[in-house]
Amino acid sequence: MLQPQSPDESLTDVVGHMLADGAFVMADPDPEPGAELPDGLRVEVSFDGPRRGVVLIDAPPDLGMEIALNLGADEEAPDESSAVEALRELGNMITGALLPRLFGTETVFHLGIPTPGRMVGADEAPPVCQHEVALVSDEGHRTRVRVRFDDLSGVSP
Amino acid sequence: MIHNVLVMDDSPVIRNLVKRSLKMAGFTPTKIFEASNGHEGLGVLMTESVDLVLMDLNMPEMTGYEFVARIDPSPRLGGIPLVVISTERSEARLSELLTRPTRKYLPKPFTPESLKRAIAELFGEASGKVA
């Protein structure tokens, strides 16, 4: 009999699946999950429904460019704007797949438009999140995906 | 025959992916229009003859839900075959959109094969009129 997955296991599954099938990037759990990421891109996707929060994706521009190329970006050498677009889409896919996995397909969530930005500097405190997965791609690009619930109470995943 | 297609997504990367997937699936429309939100998509439908709409839901300015709400009352626009290509998994929300037999849902990530199947189901595979 299958055991129900924990939220962290679901997050790991969804991110791995979306990277592989949605972005054609193979990735494994980061052997150094606490390793500091160099300054990179951050995409935030907010969600609102039975729970309210945000999914944050931190990744180097090179991972975004790799995904953009895999998705058929026109340019032979995609620029950072293509990398940002690719990571925005990855954020959209991860968030869209994760929430029904955690709360069921009958629940209704409204997703925000993925918002791009830069990761915080090393001297700033990282965002406090309840769930996190750290992966490293075959090309050696580290990525972190975090889920933060902003409401104090609500349906448990 | 599918002559004109409207591809609607706020991401240019995904619009390119959809166009490329159409080609890989064997479709060779005469013209592919692009729109980055529902508002722009409505503008295309008002001025052009479109045989198929391939659209995302989560877009700025006018979402796919709002776009469908705007075209639904129109016999001409509401009847245009439409494939929703989205990360949306909520059955309740999808059922609001898929109220006509001329509409299909294709979850992201998708493949050229799954896109071909969705379009074929809309236009009738047996009719041989899809490509």
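The values are calculated or read from the model by the stated rules, or taken from the named source; none is laboratory data. All figures in this text were calculated on a predicted structure; none of them were measured in a lab. All Cβ positions, glycine included, derive from the backbone under ideal geometry; neighbour counts span all protein chains shown.
Here are the numbers:
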{"read-out": "Conditions (1) buried (at least 19 other Cβ atoms within 10 Å of the Cβ); (2) over 19 Å from A:LEU111 (Cα atoms); (3) among the charged types (D, E, K, R): number failed by B:ASP51", "value": "(1)"}
{"read-out": "So A:ASP30, is it in contact with a strand residue (DSSP E or B) (Cβ under 6 Å, 6 or more places away or on another chain) and over 22 Å from A:ARG118 (Cα atoms)", "value": "no"}
{"read-out": "Residues of the range A:61-82 classified as touching a residue at least 40 places away in the same chain (Cβ under 8 Å) and surrounded by fewer than 22 Cβ atoms within 10 Å (Cβ to Cβ), total", "value": "2"}
{"read-out": "Those residues of the range B:96-109 which are within 11 Å of chain A (Cβ to nearest Cβ) and either outside any loop (DSSP other than H, G, I, E, B) or surrounded by fewer than 19 Cβ atoms within 10 Å (Cβ to Cβ) (or both), in sequence order", "value": "B:GLU96, B:PRO107"}
{"read-out": "Qualifying residue in the range A:20-30 (condition: without any contact (Cβ under 8 Å) to a residue 12 or more places away in the chain and more than 11 Å from chain B (Cβ to nearest Cβ))", "value": "no"}
{"read-out": "Some residue of the range A:114-128 being surrounded by fewer than 17 Cβ atoms within 10 Å (Cβ to Cβ) and either at pLDDT 90 or above or of a type in the set (Phe, Trp, Tyr) (or both)", "value": "yes"}
{"read-out": "Hits in the range B:30-54 - residues which are in a loop (DSSP other than H, G, I, E, B) and touching a helix residue (DSSP H, G or I) at 6+ places or on another chain (Cβ under 7 Å)", "value": "B:VAL50"}
{"read-out": "All positions within the range A:29-50 that are assigned to a loop (DSSP other than H, G, I, E, B), among the charged types (D, E, K, R) and at pLDDT 90 or above", "value": "A:ASP30"}
{"read-out": "Subset of the range A:83-92 (residues that are without any contact (Cβ under 8 Å) to a residue 60 or more places away in the chain and either more than 7 Å from every other protein chain (Cβ to nearest Cβ) or in a loop (DSSP other than H, G, I, E, B) (or both))", "value": "A:ALA83, A:VAL84, A:LEU87, A:GLY91"}
{"read-out": "Qualifying residue in the range B:88-95 (condition: out of contact with any strand residue (DSSP E or B) (no Cβ under 7 Å at 6 or more places or on another chain), crowded, with 22+ Cβ neighbours inside 10 Å and touching a residue at least 12 places away in the same chain (Cβ under 8 Å))", "value": "yes"}
{"read-out": "Enumeration of residues in the range B:22-39 that are in contact with a strand residue (DSSP E or B) (Cβ under 9 Å, 6 or more places away or on another chain) and without any contact (Cβ under 8 Å) to a residue 40 or more places away in the chain", "value": "B:PRO29, B:THR30, B:LYS31, B:ILE32, B:PHE33, B:GLU34, B:ALA35, B:SER36, B:ASN37, B:GLY38"}
{"read-out": "Residue within the range B:63-71 that is aliphatic (A, V, I, L, M), assigned to a strand (DSSP E or B), at pLDDT 90 or above and surrounded by fewer than 20 Cβ atoms within 10 Å (Cβ to Cβ) present", "value": "no"}
{"read-out": "All positions within the range A:93-112 that are closer than 14 Å to A:ASP21 by Cα and within 7 Å of chain B (Cβ to nearest Cβ)", "value": "A:MET93, A:ALA97"}
